[in-house]
1. Can you give the convex hull volume of the alpha carbon atoms of the range A:446-534 per residue, in Å³?
2. Which FRET efficiency, nearest 0.05, do B:S166 and B:L362 yield, Cβ-Cβ r, R0 25 Å?
3. Find the percent of Cα-Cα distances in chain A that exceed 31 Å, and round it to a whole number.
4. Report Rg (one decimal) and Dmax (nearest whole number) for the range A:1-159, counting Cα atoms only, units Å.
5. Quick check on the range A:113-267: what are the equivalent-ellipsoid semi-axes from the Cα gyration tensor, as sqrt(5λ), descending, whole Å?
6. Relative to a virtual label point 7 Å from the Cα of A:M531 in the Cα→beta-carbon direction, which members of the range A:455-476 show backbone nitrogen distances below 12 Å?
7. If each DSSP helix of 4+ residues adds -39,500 (n - 2.57) and the sum is divided by the residues in the protein assembly as shown, what number results at 222 nm, nearest 500 deg cm²/dmol?
8. Please express the shape of the range A:73-188 as an equivalent ellipsoid: the semi-axes are the square roots of 5 times the eigenvalues of the C-alpha gyration tensor, given largest first in whole angstrom.
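Where a number appears in this text, it was derived from the coordinates with a stated rule and is not lab data. Keep in mind that this is a model prediction, so the values were computed, not measured. As a convention, Cβ positions derive from the backbone with ideal geometry for all residues, glycine included, and neighbour counts pool all protein chains shown.
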2 protein chains.
Amino acid sequence: MRLTALKPFARYLPILDWGSRYNKDTLTNDVVAAVIVTIMLIPQSLAYALLAGLPAEMGLYASILPLVAYAVFGTSRALAVGPVAVVSLMTAAAVGNLALQGTAEYAAAAIVLAFLSGLVLLVMGVFRLGFLANFLSHPVIAGFITASGIIIATSQLKHILGIKASGHNLTELLHSIFAHLGEVNFWTLFIGVTATAFLFWVRKGLKPLLLKKGVKPRLADILAKAGPVAAVVVTTLFTWALGLADKGVAIVGEVPQGLPPLTIPDFDMDVWSSLLGSAGLISIIGFVESVSVAQTLAAKKRQRITPDQELIGLGASNIAASISGGYPVTGGFARSVVNFDAGAETPAAGAFTAIGIALAALALTPLLFFLPKATLAATIIVAVLSLVDFSILKTTWTYNKADFAAVAATILLTLGFGVELGVSAGVALSIGLYLFRSSRPHIAEVGLVPGTEHFRNINRHKVETHPEILTIRVDESLYFANARYLEDYLYDRVVRDRDLKHVILMCSAVNDIDTSALESLEAIDHRFRDMGLKLHLSEVKGPVMDKLSRTHFLHELTGKVFLSQYEAVRDLSGGADRAGKPA
Amino acid sequence: MRLTALKPFARYLPILDWGSRYNKDTLTNDVVAAVIVTIMLIPQSLAYALLAGLPAEMGLYASILPLVAYAVFGTSRALAVGPVAVVSLMTAAAVGNLALQGTAEYAAAAIVLAFLSGLVLLVMGVFRLGFLANFLSHPVIAGFITASGIIIATSQLKHILGIKASGHNLTELLHSIFAHLGEVNFWTLFIGVTATAFLFWVRKGLKPLLLKKGVKPRLADILAKAGPVAAVVVTTLFTWALGLADKGVAIVGEVPQGLPPLTIPDFDMDVWSSLLGSAGLISIIGFVESVSVAQTLAAKKRQRITPDQELIGLGASNIAASISGGYPVTGGFARSVVNFDAGAETPAAGAFTAIGIALAALALTPLLFFLPKATLAATIIVAVLSLVDFSILKTTWTYNKADFAAVAATILLTLGFGVELGVSAGVALSIGLYLFRSSRPHIAEVGLVPGTEHFRNINRHKVETHPEILTIRVDESLYFANARYLEDYLYDRVVRDRDLKHVILMCSAVNDIDTSALESLEAIDHRFRDMGLKLHLSEVKGPVMDKLSRTHFLHELTGKVFLSQYEAVRDLSGGADRAGKPA
């Protein structure tokens, strides 16, 4: 193969791997999937551009080169990249702080945002910082997506009603909608409500109906996915035929015909610095969303994706978006599932989709002139309402109150103050609560389960203890945030107990002891020495023991270090007869 | 006692506790300690005011009412509150951002800063947020104090040299000093160097000398502490006698005679919001410093302090400082040790010290007119250089590289960019590194230590394993940041191993499983089911088991939950004969 010379680059160019095995069967499958995804993507890309406050064509542009870039650099066989709802909303929020919707500055800022997002993703990929995304907990993501879905659906109500309204959070939006409620346009409302109802019916009722009528499942699926296209065609014809544009129905209007322009992101330090934070958030959210759908789909075929390479793939896509008049993109959930179900076998399916969208940009844009914005709003509303799911509140409430607090804060703050504050607060709260819990670890007094070598909590199990021996098990690594807590706990515990001679710290759950905690252990040991007590350690893990043996602590320790807690108690209680029994 | 009616308030008013047992002996001890501390505090309070860029009298004012407030609300029997070096430096950094030194706005901002610090401390005390201070790790504090000491000493060089120089970090200071090096004033340099040399000698050489000459230890101690007062008296007389003020020696000049004025902190939203962050930092740093010395001293007499009440005590002190023309105060290290050694038995010693300082403010201020600033600078330099200690770098380097990184960053950033950035970065880095480590937990494959019931790392111990059973011990709680890491580890591990039938997750070190980790465990279990594997859990801790049993996870689990790892392997390996042996 000519490609073998390129093998060393295969880590950064997954295309070399699947490309070398590409054949006619794969091609057929990829093309079929591409046709279906193209049909789905045309109305979506227009609609999401509208959601981002951008001209409709920017949605199309964001669905051409970025898909090609992902096909070259991405590792998922099924991920369909392009404009998505949540990222479009975040784009509107970020860019809306800088410029007025509809201005050239607004569009230029969106292009810069795509460039910065691409840069952030590439840097994360090259430095293998994909793990950072792990700090977005599942509940926070779930809460964020739900709240975003509500904001997005609400933000589209203005198009359904045919009024002007704006805002980046629920309060602002509702307030603005109520203020303009007197200006509702009847024809717009008619189109909007009909399209929404039709699309809901297509989503829920069409496929079962078709199946009942004997249509094959695969075809039924495709027909159901074509619902938005049908809505676009019918409402456009309807608006044109009745001349509704003159009756106040907002239409898409002139969409430039042709391929994406070459754009160079403005280099303006002020714009860059004010967008960088938003670009970071968009990158992380987009990456998390994208990787989670890519991983789910890969697992179904026993394939694997490489998260750090996904960062490079998505980074390249966003850079591609920024140089071809697009705006931030990522892997879309619904679209990728469709791509997968339609049989896409390699990332080439994405490249073929790009060709489809390019053809649409070349040929179909004049036909979009009379497309009512209400129809696009309807497709958005129907798509995002499927993301809204409050069950995470119930799940976390029963399972883990800290997670509940994080998800509730994320939802409330996203709804009340917008996406950026909402998700940042959710992440900060998750981390804060984790730190808080680890700073007040669970500490158990343990005793021997009779007839075994196991030591368990004296409050939960019937166990044997010795009056002169106290064994404390700390269920957390010892580090700066909890070192003082342990000191206080031990001092409080031992002053109550006059018979005590030995205190054993059972370290089976201690995975690390940092410098602060080591200093605390030294302080405890000194204090115990003054009180005539001995401090012993048991079940110290290998890596922890390695570190401790590099210090003076073990030499100066009043007591000993035992491999097992059982040995410790046997030794300290002087129970030679018990010890005689083989374990 | 008349005081019994007040008992319910004893938690917030520790004075009710020790006050009811106060007698003549305690009084004598407290008064003796107060005299010694007063002698030490007069030059210190003037010097630290100078360091903070404030008029000398504000140092005295900060040493009167705040001490009385602490005596009423504080819990430490020995803590000596007042202006301290590090907090004075932080005050200069915070206030210097807002106003020019020497202006009325500068002094007013320092008063507001004291008020805000007091407020922050009170709020933390009432809501029992003292644990927040635990997030300042010992190494970060040690590095911060060392770097601050260097900055403080360098900042005082200008007074020793008699030149003008300014800056909040080492680079700025050195640059500024070199730029003005041509303007050195000979007489100032003479006084400064002599005073510094004298004070170093007093600190190191005077006490041994006096002891050798037969002076009693207690008296020798007091004489050694009086060194700064001697330096003040001698250099003031010298400057007055030779008329050095006219020869360019900077003197303290007119210090208003009288008790502190009543001041009301300006309420200016802009000033408040720009000082609030600094006030938070000053509060936490001051609290940590203060509590650590108070705890050390309390432990020596088997007493205890209450950290949350200390917050209230220090908060009250700072409010008192702000309404009496002072600036932020906290418990001083050296001063408290002197107070303790001098025999202070109750916080009343602080109140008596306040009387001493008040008398000084009433009577002695005219005598301070010719006091050279170089003498005050010398007392500061000698005091702070004892805080400089780089040994923490060596300790952490050998023991814990993460702590080393945090302390090195704290020192470098404090020196290079000033106190606020330095300590914030140190805290952020400590927390970040802790999170990073916990997001990539140590995972060990374990086997049975022959002849025991213990399971240990197969790479460190000679252990028995079964080809169809894999046991993985995760040495960390499972939470959002490491859930995905565990998933990846397990998938990678099991695909390599065709004989495998059972995977046991040994949870002896798992102290919590949050919602994200639970979802990951469910995903692992589903994936294993598809692969014909069973997932088992062993040694699940009580609290974790309680939480899991509130979910469907345990019902749907492919495998079982075993109380002990030994049982798990016995059961799954079908080793009935082994199992027959009693443990």
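1. Values: hull volume 8.3 nm³, N = 89.
Normalising the Cα hull of the range A:446-534 by residue number yields 94 Å³.
2. On the way: r = 33 Å, r/R0 = 1.33.
Calculated transfer efficiency: 0.15.
3. Values: 98407 of 169653 pairs.
When all Cα pairs of chain A are counted, 58 percent exceed 31 Å.
4. That works out to 18.3, 57 Å for Rg and Dmax.
5. Working: eigenvalues 221, 134, 87 Å².
The three semi-axes for the range A:113-267 are 33, 26, 21 Å.
6. A:470, by backbone N distance to the label point.
7. On the way: 52 runs with 705 residues, N = 1166.
Calculated from helices alone, the mean residue ellipticity at 222 nm is -19500 deg cm²/dmol.
8. That gives 32, 18, 14 Å for the three semi-axes.
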